[in-house]
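The values are calculated or read from the model by the stated rules, or taken from the named source; none is laboratory data. Quick caveat, the model's predicted, so the values are computed rather than measured. For neighbour counting, all protein chains shown are included, and Cβ atoms are generated from backbone atoms with ideal geometry for every residue, glycine included.
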Amino acid sequence: MADKTKHLLEIAGMQITVLSSESREYMEALADTLDKRIREITTANRYISRAEAALLAALILMDERLHAELRTSELNSRFAEYGRVLDDAKRENDELRKLLGR
């Protein structure tokens with residue numbers, strides 16, 4: 001198991017300590033992304049609480065992640081199908097070469 005480090009992060013004006021094996025730079029990038037989303041939400045709706053904005057930001061980010069996972073799965077399926085088509089074409093090519101005596 002990788003060593004874990006405490007990271008003090010600031011998100012939406014709140015400080016939070018997170019224990020993670022990820023690098024400081026990675027953790028700060030995560031915090032910055034979440035902070036930016038929360039600021040976008042609170043700027044668009046000044047009546048939303050910080051907690052509501054944080055939950056909405058989390059929902060938006062999870063939605064993006066799930067969509068990306070679905071897209072990745074679709075692309076992996078296509079890639080596998082293209083591999084099968086390529087294998088079939090190679091086999092056919094080999095058979096035709098044998099028939100032609102090459």
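Things to note:
- Selection count, the range 11-53, where residues are in a loop (DSSP other than H, G, I, E, B) and either on the phi > 0 side of the Ramachandran plot or of a type in the set (Val, Ile, Thr) (or both): 3
- Residue check, ALA57 of a type in the set (Gly, Ala, Ser), outside any strand (DSSP E or B), modelled with pLDDT of 95 or more and surrounded by 15 or more Cβ atoms within 10 Å (Cβ to Cβ): yes
- The residue list ARG71, ARG50, ARG24 contains one member that is of a type in the set (Lys, Arg), modelled with pLDDT of 95 or more and surrounded by 11 or more Cβ atoms within 10 Å (Cβ to Cβ), which is ARG24.
Condition check ((1) over 23 Å from ALA53 (Cα atoms); (2) over 22 Å from the mean Cα position of the chain (by Cα)) across all residues:
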residue: LYS6; (1), (2): yes, yes
residue: LEU9; (1), (2): no, no
residue: GLY13; (1), (2): no, yes
residue: ILE16; (1), (2): no, yes
residue: SER20; (1), (2): yes, no
residue: TYR26; (1), (2): no, no
residue: ASP32; (1), (2): no, no
residue: LYS36; (1), (2): no, no
residue: ARG39; (1), (2): no, no
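- Any hit, the range 64-77, residues being of a type outside the set (D, E, K, R) and touching a helix residue (DSSP H, G or I) at 6+ places or on another chain (Cβ under 8 Å): no
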